[in-house]
1. Within segment 181-207, which residues are of a type in the set (A, V, I, L, M, F, W, C), surrounded by 23 or more Cβ atoms within 10 Å (Cβ to Cβ) and in contact with a strand residue (DSSP E or B) (Cβ under 7 Å, 6 or more places away or on another chain)?
2. Among the residues of segment 225-237, write down those that are out of contact with any Leu (no Cβ under 7 Å at 6 or more places or on another chain), charged (D, E, K, R) and either in contact (Cβ under 8 Å) with a residue 60 or more places away in the chain or within 21 Å of Phe164 (Cα to Cα) (or both).
3. Condition (residue is in contact with a Gly (Cβ under 7 Å, 6 or more places away or on another chain) and either at pLDDT below 95 or of a type outside the set (A, V, I, L, M, F, W, C) (or both)) applied to segment 254-270: is it met by at least one residue?
4. Collect the residues in segment 111-120 that are touching a His at 6+ places or on another chain (Cβ under 7 Å) and either among the acidic types (Asp, Glu) or surrounded by fewer than 18 Cβ atoms within 10 Å (Cβ to Cβ) (or both), keeping them in residue-number order.
5. Starting from segment 263-283, take each residue that is part of a helix (DSSP H, G or I) and list its partners that are open to solvent by less than 80 Å² (accessible area, probe 1.4 Å) and polar (S, T, N, Q), counting only C-beta distances under 7 angstrom and pairs at least six apart or across chains.
6. Just checking, how many residues over segment 185-221 are out of contact with any Phe, Trp or Tyr (no Cβ under 8 Å at 6 or more places or on another chain), of a type in the set (A, V, I, L, M, F, W, C) and in a strand (DSSP E or B)?
7. Restricting attention to segment 89-107, which residues are touching a residue at least 60 places away in the same chain (Cβ under 8 Å) and open to solvent by 60 Å² or more (accessible area, probe 1.4 Å)?
8. Restricting attention to segment 252-277, report how many residues are under 18 Å from the mean Cα position of the chain (by Cα) and either under 26 Å from Glu178 (Cα atoms) or not β-branched (Val, Ile, Thr) (or both).
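The values are calculated or read from the model by the stated rules, or taken from the named source; none is laboratory data. Source: prediction; values computed, not measured. Backbone-built Cβ (ideal geometry, glycine too); neighbour counts: all protein chains shown. These accessible areas exclude ligands, DNA and RNA; they are computed on the full protein's heavy atoms, side chains included. Shrake-Rupley method; radii C 1.70, N 1.55, O 1.52, S 1.80 Å.
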Amino acid sequence: DTRKTLLDLLACANGDPPADIDWFAVLTLANRTLVTPILANALRGVAGVPAEASQLLETVETQAIARNRMMRAQLEQALAALNDADVQPILLKGTGDFGMDHAGELTRITSDLDLLVDRGDLEQAENALHALGYHEDQDDGRLWGAVSLANPDFPGMIDLHWRFKVERPRLDYSLLAESAVAATIGTSRALVPAPTHRAAILILHDQVQESDYVRGSIDLRHMFDLDALVRSGGIDWDRLLTLAPTGFVRRAITTQLHSLAQLMGTPVPPKYCRGRWSALQHRRRMAQLHHPWIAKPLTMINLALDRESPGKSDLDSGTDRGPTSKRIRARIRGVMEKSELDTKV
């Protein structure tokens, strides 16, 4: 039962593992969703944790720290080259944690580095990274406002964005830079979005870009990121919802906030996460975890009931993809055919 395993994992994250816990199932889910270091920190010194589990948690945490040291060195080198080219990027998603981690012992598992630059700075940014040995990965990222760059000397990719993939709200460089916080990494400079914008980016990335809202999926690592953001303070809740230009995007945001409050006890003000639809969507998420076979029909129902479901205006490839009706049908097919990512719950 994935639902029970998830709830047991969240109990462990609070330092209180249940008596009837299936450690193998919980650790398997933690590894798959990339949140094992969170459990390692929460369960350190807690009685009743089997020795084998403690050893695994410690090993993964140690490996995560070692990898993040390499990722940080990679980021420092990239930022130095970008700064030399008069480019000061904004650190998106988990990359922003490097700008806030002054101790240099970040344990969050980071898969790649997401950097946002102004559209006018893109050419010099690419040239600076190419000079360091980065080469473009063969994918269609440019259609979506990003180019993926790989360097065999480093463990992670650099995703160089010049706009956020979700068309509306338009979270571009100029908007994010207005309220961003300056960060120094090594001897280089970067910007980290304000907490409200960091939360918006995480939610929109999962709920809209990755179609988690219509599929009823959960990115657990990003849920922990959101929980930490909320608890650290600084989120302007009115501003967060004001960013939502349509009913669809607003419902996606409130659904994520509702799940955040229900699953993790995150102190989200009730007025920003209540409502019948967000409550129904959260129950749908939990039901799918208990009965996986209902996920596909519920996705079809979601697409049918939500008239603003994806395809109309919430994603943008930056290209003319033909009549709106064809774009909608293509987007719906993409949602239905998209297999679950291994890191999703």
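1. Within segment 181-207, Ala190, Leu204 meet the criteria.
2. The one that is out of contact with any Leu (no Cβ under 7 Å at 6 or more places or on another chain), charged (D, E, K, R) and either in contact (Cβ under 8 Å) with a residue 60 or more places away in the chain or within 21 Å of Phe164 (Cα to Cα) (or both): Asp236.
3. Checked segment 254-270: at least one residue is in contact with a Gly (Cβ under 7 Å, 6 or more places away or on another chain) and either at pLDDT below 95 or of a type outside the set (A, V, I, L, M, F, W, C) (or both).
4. Asp114
5. If the second residue must be open to solvent by less than 80 Å² (accessible area, probe 1.4 Å) and polar (S, T, N, Q), the pairs left are Tyr272/Thr254; Ser278/Thr254; Ser278/Thr255; Gln281/Thr255; His282/Thr255; His282/Ser259.
6. Final tally of qualifying residues: 3.
7. Matches in segment 89-107: Met100 only.
8. 11
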